[in-house]
2 protein chains.
Amino acid sequence: MRWYIEKGPESDVVISSRVRLARNFTEYPFPFRMDRNQRHQIIKTITDNIKNSDNDIINKLMYVDMQSITPIDRQAMVERHLISPELAQSEQECGALVSKDERISIMLNEEDHLRIQCMFAGMQLQEAWKLCSSIDDFLGEKIDFAFDKAYGYLTCCPTNIGTGMRASVMLHLPGLAMSGYIKSILEACSKIGIAVRGLYGENSEAMGNMFQISNQVTLGQNEEEITSNLTNIIRQIIEQERNIRQDMRKRNGLKFEDSVFRALGILSSARVITTDECLKLLSNVRMGVNMGIIDNINIETLNEIMLAIQPATLQKSVGRPLEPEERDAVRAMTVRDKILKSFNAN
Amino acid sequence: MRWYIEKGPESDVVISSRVRLARNFTEYPFPFRMDRNQRHQIIKTITDNIKNSDNDIINKLMYVDMQSITPIDRQAMVERHLISPELAQSEQECGALVSKDERISIMLNEEDHLRIQCMFAGMQLQEAWKLCSSIDDFLGEKIDFAFDKAYGYLTCCPTNIGTGMRASVMLHLPGLAMSGYIKSILEACSKIGIAVRGLYGENSEAMGNMFQISNQVTLGQNEEEITSNLTNIIRQIIEQERNIRQDMRKRNGLKFEDSVFRALGILSSARVITTDECLKLLSNVRMGVNMGIIDNINIETLNEIMLAIQPATLQKSVGRPLEPEERDAVRAMTVRDKILKSFNAN
């Protein structure tokens, strides 16, 4: 099963955990200054090393060349969090090494020569870090990574220098968002060097009450400290979110359940729906499932739907480009089908 | 089956047809001037005559004494259109003779001594008139009704003098209401002596896009002319309503179907719902069923629900008085149950 369909630990609040490491070769300039030949060399060196590894996880990574796939395929990879929008838009030779379960993705020739990324469902930051680190260890033996004794790993953008690590966790916070308490939490986070973003990273809004929490500091803390700091903060947010949900339910009684069931009712009957409305309703349904209000649908189905409704994934599923209006109709149909299938199975 | 559950002719637009005749005894003053004894005499004379009739429809009418039933029972009779709100509120001796299928109701000691009323599902004004007339003929043989050669039947309120007849048809006009065309139709009606009211007669709003169309003139036209005039006007309104529905569907495509299915989705999942919202959604669903958009629910179920959600009927169904908030929850449950039952049967 692909990692993003799974239901991980603390899945009532935590959608996913992700760690990525930025790494660069010593002997090449940063990607934005490389010529065609150098770009090609980077890719060849890494893919050759991967192929020849005797580690079964690593040698099974599959290389996807961005220039040989369609823009819709690239966008669909962005939607699965496998690559960044920047890599999808690049016109130079670049690509990503991806594992079958899509848990591992190594972007080549993005902002840095390598961006090693590992993703897990639910609260599994330690696991993501361990896997990422093992891939880093393997590649570090073969490749001379740019490293400075005083600063640590050198990266294209100074904000990544040091560990080159970004640890991030996607949280579903409908309680904190609806009650308005989210504001003070976001403020507190930014004061201690924690960034909060939307579902698709920088500049993306918190659609469907999804918030991505990540470290901003890469210098002066080691990887263990970064992950354990972030984990502590997230544990606190999880507790607050759980308390506020119970509190809202207690105070609003049947009206609370009503809004959950209505969301499910609309999702299972609409014939036209925008991504935005869909994510809002899914947020309500997810909360309902996690609180035991809805029992005939499971979290895996909601995870599936959340990805399936994204524009490129949707167009790939029907095998042709769709006009925005048509997309709203196909999206509604897709959601309905998946919900009805889950109803029948439960 | 009770008449109001049935699906009659032209049921895509016409909910029900009703004819009522106002009649008074020559030898008694109008009810508002009667003493206790006279009120009692009126009731005794009529119920005795009914009981002793050799007509099986008439002798099976059951007398319901308003003073011997609870206010909730009275209100539930109003909701089934069996009696007027005025009769339900009266503190004097009064009542109604009702047939088992609730098609016939004869109110005694309302504004007039007798109000003979017959109701049919769909467009059956002629049938309602015929049944009403046969009961009038039977009673006319036994009782000396107040009648003036020049004016016709004499009634308490001068607006009923002449035929004493009110013919009315309940129409479901979502297309005309949503498009705004209803205004010009209502204006045209009032110019030719046709009254338009809401679901529960005078002073009631057009809830759920239900409009009651009736004759205002009782003098100068005979009963046949009144019913055929009204029928002609209604045939025109039916055509306009049908055209505008098709037109709206053509123009709005999937969005039109979307709003129909969403209405059904909300009705089948809400946990709290007001009468007003419920009637609005039912209106959409009814239109969807009549246009073949929804096929797993039938009109009879919608008729059942429309009555079941009314406050007194709702309270009678659970066997105890309910606070308004509790009512919204029981209403939602009732609607859900009936819809799911219909889904399973279809």
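Computed quantities for the displayed model
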quantity: Residues being farther than 21 Å from B:R20 by Cα and either β-branched (V, I, T) or open to solvent by 50 Å² or more (accessible area, probe 1.4 Å) (or both) - total across the range B:60-92; calculated: 8
quantity: Selection count where residues are under 24 Å from B:L314 (Cα atoms) and away from chain A (no Cβ under 11 Å), scope the range B:245-276; calculated: 3
quantity: Test result for B:K183, under 30 Å from B:I50 (Cβ atoms) and out of contact with any Phe, Trp or Tyr (no Cβ under 9 Å at 6 or more places or on another chain); calculated: no
quantity: Residue in the range A:49-59 that is open to solvent by 80 Å² or more (accessible area, probe 1.4 Å) and either in contact with a strand residue (DSSP E or B) (Cβ under 9 Å, 6 or more places away or on another chain) or assigned to a strand (DSSP E or B) (or both) present; calculated: yes
quantity: Residue in the range A:154-165 that is modelled with the highest pLDDT, counting only those that are over 22 Å from the mean Cα position of the chain (by Cα) and open to solvent by 50 Å² or more (accessible area, probe 1.4 Å); calculated: A:L154
quantity: Verdict on B:L279 being under 19 Å from B:I182 (Cα atoms), within 26 Å of the chain's Cα centre (by Cα) and in contact (Cβ under 8 Å) with a residue 24 or more places away in the chain; calculated: yes
quantity: Matching option when the condition is over 16 Å from the mean Cα position of the chain (by Cα) and on the phi > 0 side of the Ramachandran plot, among A:E10, A:E93; calculated: A:E10
quantity: Answer residue from the range A:248-275, given it is among the basic types (K, R) and part of a helix (DSSP H, G or I) and is nearest to A:E79 (Cα to Cα) among those; calculated: A:R262
quantity: Cβ pairs under 9 Å, 6+ apart, first in the range A:215-229 and in the same structural domain as A:L21 (by TED's automatic domain parsing), second of a type in the set (F, W, Y) and open to solvent by 80 Å² or more (accessible area, probe 1.4 Å); calculated: A:L219/A:Y151
quantity: A:L281 being buried (at least 16 other Cβ atoms within 10 Å of the Cβ) and farther than 23 Å from B:K255 by Cα; calculated: no
quantity: Some residue of the range A:238-260 being open to solvent by less than 30 Å² (accessible area, probe 1.4 Å), farther than 24 Å from A:G180 by Cβ and touching a residue at least 24 places away in the same chain (Cβ under 8 Å); calculated: no
quantity: Residues located in the range A:135-156, provided they are without any contact (Cβ under 8 Å) to a residue 40 or more places away in the chain and over 19 Å from A:E27 (Cβ atoms); calculated: A:D137, A:A150
quantity: Which listed residue, of A:S184, A:S168, A:S179, is in contact (Cβ under 8 Å) with a residue 12 or more places away in the chain, under 30 Å from A:A263 (Cα atoms) and open to solvent by 30 Å² or more (accessible area, probe 1.4 Å); calculated: A:S179
quantity: Filtered residues of the range A:315-335 (kept if open to solvent by less than 40 Å² (accessible area, probe 1.4 Å) and in a helix (DSSP H, G or I)); calculated: A:Q315, A:D328, A:A329, A:V330, A:R331, A:A332, A:T334, A:V335
quantity: Filter result (open to solvent by less than 40 Å² (accessible area, probe 1.4 Å) and not in a helix (DSSP H, G or I)) within the range A:284-314; calculated: A:M291, A:I293, A:I294, A:I297, A:I309, A:Q310
quantity: Search result, residues across the range A:1-48 that are of a type in the set (V, I, T), outside any loop (DSSP other than H, G, I, E, B) and farther than 13 Å from A:D112 by Cβ; calculated: A:V14, A:I15, A:V19, A:I43, A:T45, A:T47
quantity: Qualifying residue in the range A:188-203 (condition: without any contact (Cβ under 8 Å) to a residue 24 or more places away in the chain, more than 14 Å from every other protein chain (Cβ to nearest Cβ), assigned to a helix (DSSP H, G or I) and open to solvent by 60 Å² or more (accessible area, probe 1.4 Å)); calculated: yes
quantity: Filtered residue count, the range A:5-30, keeping only those that are buried (at least 22 other Cβ atoms within 10 Å of the Cβ) and of a type outside the set (K, R); calculated: 9
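The values are calculated or read from the model by the stated rules, or taken from the named source; none is laboratory data. Treat the numbers as computed from the prediction; the structure is a model and nothing was measured. Here Cβ is always computed from backbone atoms with ideal geometry, including for glycine, and neighbour counts include all displayed protein chains. SASA here: full protein model, heavy atoms, side chains in, ligands and nucleic acids out. Shrake-Rupley method; radii C 1.70, N 1.55, O 1.52, S 1.80 Å.
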